[in-house]
Each structure stands twice: as C-alpha cells, then as structure tokens.
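Below is one structure; the comments refer to it alone.
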Amino acid sequence: MKLKIASFDFTCCEGCQLQLANRESTLTDFLELLDIRNFREISSERLGDYDIALVEGSISRQDEVERLLKIREQAKVLVAFGTCACFGGVNSLKKRFSLDETIRDVYGEMTIETLPVRKISDIVTVDLAIPGCPVDKEEVERIMVSLATNSLITFPKYPVCVECKQQLNTCLFDLGEICLGPITRAGCNAVCTTGKTACLGCRGPAEELNMPAFIELIKERGLSLDDLHEKLTFYNAFEPLATDET
Ligand code: SF4
Ligand code: SF4
Ligand code: SF4
C-alpha cells in the first residue's frame, strides 16, 4: 500500500525537501511507494488527507506555530525532517545576535515579525526525527520502506569517524582542526570530512558519545574551546551538551 504523504516547509532553505527529488537512479521506485497528497515543490496536488507529514524547517513566527498545530492534528506520523526541524539548525545562529538590533540594522523602521527559533518538538509531539543538513536521500528511502512495511526504523549508533575511516581520509585533527566527527551520529557517509571540511555535527549527538574524552582531546591538541563551542552551537544540535565550559 502506498504511503499517503505530505511535505511542509517552515523556516528553512527547503534543501531537505529537494533531496526527495534527487537520486534519479531510484527515484521512480521511490515515488512508487508514495501517494503524494501535498508537496509544493514537486506536485500541484493540495489534498488535506495524509497520514505522514514531513515537516521541514524550524519555527520562528507565530503563524508557523498555528500551521504546525493543524498539521499535527491531521498527521498519524509527524516527521521532523532535517536538521532545522530536529534541532533548529542554522536558523539558531540568530541566537548569537540581538534580534531587535539586527532588525533595526537590516530593515530600519519596517515591522518584522520574528521569534526566537524553536525546533518542531518544542511545539508538537514528533513521531520520528530524520536529521541531516540536508537529509541523506538513501537514508530517507530506507526509512520510507520501513514505514511502508511496518518494520523497525534504525539509525547508526556509531559516530561519523567510523564512516570517515572507511573512506581512508586523513583525520582533520592531524591537520590542526576541530572536527565533531567523534561525537556526531553517522549516516551521511562522512560527506564533509571526505571533502576536507570539518564535521559540524548536523546529524546531532552519536548515541554512545564520550563528551569528557572529546574535550580532553581538544585540550591535549592545544585547540581552542571557543572554537569548539562555536562548532557545537552551529546547528544547535548539541544542546544541552554545549555548555559554557565548551
Ligand atoms: S536542514 Fe539544512 S538543507 Fe535542510 S532545510 Fe535546513 S538548512 Fe536547508
Ligand atoms: S576527520 Fe573528523 S570524522 Fe574523520 S576521523 Fe578525524 S575526527 Fe573523525
Ligand atoms: S560530516 Fe557532519 S556536518 Fe557533514 S553531513 Fe555528516 S554529520 Fe553533517
């Protein structure tokens, strides 16, 4: 039976939804699984009866709260789809600035409605969280098959380092950089570190992470705890592990 699915975007770049239309090699089979009821980016259908709601983005306006509550009423399974939805994501960077001052600097006297960023689970019950900035299409396909067949949904418990080592990458710590791979949940195939960019932890904490040991590693290498804090707070995915000490 096809999954009756709808996809909705809130405060975000919509990159996670776009991932659903990627990976042409499996796209036809993937779409065979889905009865798309509402999905602005790939379909003109606007049907209100869906079972699964993919909710992309974080919440940063009052009208978004109200729209989300309506989606929750309809959906049997509400999925926080992508890092913005699961943790707040890059939108959380606005925490670093005074909102009033920034609005004044950027928009002058215009009235701009914006609230502090909240993740989806701050507003409604989330049944399933799929992290990633953007989500990994292969992982999404696997999860959709599990939903369609009523099978257990699992995520890797190990950290990004495992996938990074499988790619035979040189560790970025050996090049003097802080990388969040040791404490971040795998599943992205270490795409950033394979491209020689440090992991910023978009997939959130690995299940068996050892934060004290990780902080010791940073200190031993003579790296900066301020830099660590900046990385830990980039996607807001390590709250409450990102303390003043880190
Ligand atoms: S998680 Fe990343 S790719 Fe997805 S909507 Fe947010 S910013 Fe865009
Ligand atoms: S580069 Fe990052 S992900 Fe790769 S092994 Fe080193 S710490 Fe782990
Ligand atoms: S390497 Fe880190 S930041 Fe990059 S996609 Fe994977 S989890 Fe996200």
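Of note:
- The set of residues in the range 192-218 being surrounded by fewer than 16 Cβ atoms within 10 Å (Cβ to Cβ) and within 13 Å of ligand 3 (Cβ to nearest atom) consists of Thr194, Gly195, Lys196, Thr197.
- Of the set (1) of a type outside the set (Ser, Thr, Tyr); (2) within 25 Å of Ser25 (Cα to Cα); (3) surrounded by fewer than 18 Cβ atoms within 10 Å (Cβ to Cβ), all apply to Gly132 but (3).
- Subset of the range 165-197 [in a helix (DSSP H, G or I), among the aliphatic types (A, V, I, L, M) and more than 19 Å from the chain's Cα centre (by Cα)]: Leu172, Leu175
- The residue pairs whose first member lies in the range 213-225 and is in the same structural domain as Pro182 (by TED's automatic domain parsing) and over 18 Å from Leu175 (Cβ atoms), whose second member is among the polar types (S, T, N, Q) and surrounded by 11 or more Cβ atoms within 10 Å (Cβ to Cβ), and whose beta carbons are closer than 7 Å, counting only pairs six or more residues apart or on different chains, are Ile215/Thr246; Leu225/Thr246.
- The set of residues from the range 125-164 being within 13 Å of ligand 3 (Cβ to nearest atom), in a helix (DSSP H, G or I) and free of Cβ contacts under 8 Å to residues at least 60 places away in the same chain comprises Glu139, Val160, Cys161, Val162, Glu163, Cys164.
- Residue match in the range 90-113 (condition: assigned by TED's automatic domain parsing to the domain that holds Leu31, in contact with a helix residue (DSSP H, G or I) (Cβ under 9 Å, 6 or more places away or on another chain) and under 21 Å from Ile71 (Cβ atoms)): yes
The values are calculated or read from the model by the stated rules, or taken from the named source; none is laboratory data. Remember, predicted model here, so these are calculated numbers, not experimental data. No Cβ is skipped: glycine too gets one built from the backbone with ideal geometry, and neighbour counts run over all protein chains shown.
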